[in-house]
1. Of Phe117, Phe100, which residue is modelled with pLDDT of 70 or more, on the phi < 0 side of the Ramachandran plot and assigned to a helix (DSSP H, G or I)?
2. Do we have any residue at all in region 39-60 that's in contact with a Phe, Trp or Tyr (Cβ under 6 Å, 6 or more places away or on another chain), within 16 Å of Gly11 (Cα to Cα) and either without any contact (Cβ under 8 Å) to a residue 24 or more places away in the chain or part of a loop (DSSP other than H, G, I, E, B) (or both)?
3. Kindly indicate whether Lys95 is at pLDDT 75 or above, outside any loop (DSSP other than H, G, I, E, B), under 26 Å from Thr57 (Cα atoms) and not aliphatic (A, V, I, L, M).
4. Looking only at region 68-99, which residues are surrounded by 17 or more Cβ atoms within 10 Å (Cβ to Cβ) and among the aromatic types (Phe, Trp, Tyr)?
5. Within the set of pairs 6 or more residues apart or between chains, which connect a residue that is closer than 16 Å to Arg43 by Cα inside region 62-80 to a residue that is buried (at least 16 other Cβ atoms within 10 Å of the Cβ) with Cβ atoms less than 6 Å apart?
6. Being outside the structural domain of Leu108 (by TED's automatic domain parsing), surrounded by fewer than 16 Cβ atoms within 10 Å (Cβ to Cβ) and farther than 16 Å from Ile87 by Cα, is that true of even one residue in region 34-56?
7. Would you call Ala27 loosely packed, with under 12 Cβ neighbours inside 10 Å, outside any loop (DSSP other than H, G, I, E, B) and either free of Cβ contacts under 8 Å to residues at least 40 places away in the same chain or of a type in the set (Ser, Thr, Tyr) (or both)?
Amino acid sequence: MTKYTLETKLGVVQDYLEGKDSYKGVARKHRVTESMVAKWVKRFRHHGLEGLQKQYTNHSLEFKMDVLNYLERTGASINETALVFNIPSDSTVWKWRELFEAGGLDALQPKTKGRLFCAMKKCRVVQYIKFILLIKYSFVVAEGGLDMEPLQA
């Protein structure tokens, strides 16, 4: 997925809001899709500049429940709900709804982010290397090939 700078998004929105062209024309000019133009314009109209900025958040359980309650209470679409709560990806709301329906509140608990899996793999590699070295060391000692006396200076 291509990432767009804030300046690019703002330029697209300004071109459309100034009436220079349609969604299709602005999209063609800036080499983006029509749906991106429409999404950015809606976000800008609803949230201003903040709606176009990148967001890195770990949403609380309360926030997720507010979103899902709004979705249920108002009958709004997932796209509209994401727009109202300034959630960049519509699929996030869809995922929360699926998780809640399958696993209740526990499934919506915030997860720790990071590279835990990678760290676990590195730990396994280190353990494996230690194991191999232990086997080789044991073999060398058993064959009498390693002098266990301390080195003399």
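The values are calculated or read from the model by the stated rules, or taken from the named source; none is laboratory data. Computed from a predicted model, the values in this text were never measured in an experiment. Glycine gets a Cβ as well: all are built from the backbone with ideal geometry, and neighbour counts include every protein chain shown.
1. Answer to the selection: Phe100.
2. Scanning region 39-60 turns up no residue that is in contact with a Phe, Trp or Tyr (Cβ under 6 Å, 6 or more places away or on another chain), within 16 Å of Gly11 (Cα to Cα) and either without any contact (Cβ under 8 Å) to a residue 24 or more places away in the chain or part of a loop (DSSP other than H, G, I, E, B) (or both).
3. yes
4. Phe85, Trp96
5. Hits for this filter: Ile78/Asp90; Ile78/Val93; Asn79/Asp90.
6. Taking every residue of region 34-56 in turn, at least one turns out to be outside the structural domain of Leu108 (by TED's automatic domain parsing), surrounded by fewer than 16 Cβ atoms within 10 Å (Cβ to Cβ) and farther than 16 Å from Ile87 by Cα.
7. Considered against the rule, which asks whether it is loosely packed, with under 12 Cβ neighbours inside 10 Å, outside any loop (DSSP other than H, G, I, E, B) and either free of Cβ contacts under 8 Å to residues at least 40 places away in the same chain or of a type in the set (Ser, Thr, Tyr) (or both), Ala27 comes out as no.
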